[in-house]
Amino acid sequence: MNLRELEYLVALADQRNFRRAAEICGVSQPTVSTQLKKLEEELGVALVERVPRNVIFTAAGQEALARARRILDEVAQMRGDAARHGESGTTRLRLGVFPTLAPYLLPHIVPRFIAGFPDVELLLTEEKSDLLVRRLVEGQIDAALLALPVHDSHLTGKVLFREPFFLAVPGNHALASAKSVGPGALADQSLMLLEEGHCLREQALELCRLSGAVERSGFRGTSLETLRQMVVAGVGITLLPALAGNAGQGGEHEMKVLPFEDGNVSRRIGLFWRRTSSMGRLMEETASLIAEVAQERLAA
């Protein structure tokens, strides 16, 4: 038995799907299946029932899963405690941020953090949200900025700010002259969205469902900047978080950013860390700093 087998077991429980569990763990689906079977053979009991489109944990599997989570949590704490101290003895804070927030907020946070915490070395990781949660639980990072909701019993956190969404349209679009976007404005509109794995994609799909809009077929962006440049080029419209907004005016190749009349079209961002972390005070202070910087940027 090894830690990787326990990680696969936990990932399978979280995802309830072998393919998604394999993606989260960065391995192939056969690897997860083989290692789980090896674990079952070693324990001498079936841990899961494999049924179409689902995975059901047996009673023995539920008990093994609970123990696996506790073991991985202890290992994560051990790794975190050791990693906080570099060769010089300097405290390290390994912070993860998802791609649709990182480039728009980190450049404003880092200088303030360095000035406010001169004895702390800040190490940054940019990954999609699911991978950040996994790395956080496993102790590979100490904290992560994530969009709510976050469902993991190992984590605690603090809500920092609410970030409104805006509709980005080309300067020559029919909606470009509007001052804001009303409830029916998106009906039958097609929005360019990000590829699978981005939390912003799920938020945009929910907006489409509520407004009557649809996803533009034949295109999925790999980054928010790709979507922005497609709007600037006049290809289509998309959803942008406020911190990424850039209200271009005028010419047909520029971009207009429109607020939604419903102020609830937004996402909430929080800082999350492990419940067992011994860095609680630093996390609280870091959360306060990030919240302050974000509010300044949103008001700018």
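Read-outs: derived from the displayed coordinates by stated rules, not from any lab. Bear in mind that the values here come from a model prediction, so they are computed numbers and not experimental data. Positions of Cβ are generated from backbone atoms using ideal geometry, with glycine treated the same way; all protein chains shown enter the neighbour counts.
Points to keep in mind about this one:
- Inter-label distance for S177 and N2, nm, one decimal - labels placed 7 Å from Cα along Cα-to-Cβ: 6.6
- In summary, the lysines within cross-link reach of K179, defined as a Cα separation below 17 angstrom excluding same-chain residues under 8 places away, comprise K256.
- Antiparallel content of DSSP bridges confined to the chain, in %, to 5: 60
- Between V232 and E292, the simple label model (points 7 Å from Cα in the Cβ direction) yields a spacing of 3.3 nm.
- Segment 4-59: GluC sites (Glu not before Pro) in DSSP loop, at most 12 other beta carbons within 10 Å: none
- With a simple spin-label model that places each label point 7 Å from the Cα along the Cα-to-Cβ direction, the separation between L148 and H108 comes to 2.0 nm.
- Computed over segment 170-220, Cα set: Rg, Dmax in Å: 11.7, 33
- Exposure proxy ranking, count of Cβ atoms within 10 Å, fewest first, for K179, K128, K37, K256: K179, K37, K128, K256
- Of the GluC sites (Glu not before Pro) in segment 125-205, those whose Cβ has at most 16 other Cβ within 10 Å and which sit in DSSP loop: E195, E196
- For segment 20-81, the C-alpha radius of gyration sits at 1.24 times the compact-globule guess of 2.2 N^0.38 Å, with N the residue count.
- Cα-Cα separations in the chain greater than 31 Å, expressed as whole percent: 40
- Whole-Hz couplings from phi, Karplus 6.51/-1.76/1.60, listed for segment 114-124; x for Gly and Pro: 4, 6, x, 10, x, 9, 10, 8, 9, 10, 10
- Relative contact order of the chain, pairs being alpha-carbon contacts under 8 Å that are 6 or more residues apart, as %: 20
- What the Cβ-Cβ distance of F219 and N54 gives, at R0 = 30 Å and to the nearest 0.05, is a FRET efficiency of 0.45.
- Burial ordering of R162, R69, fewest other beta-carbon atoms within 10 Å first: R162, R69
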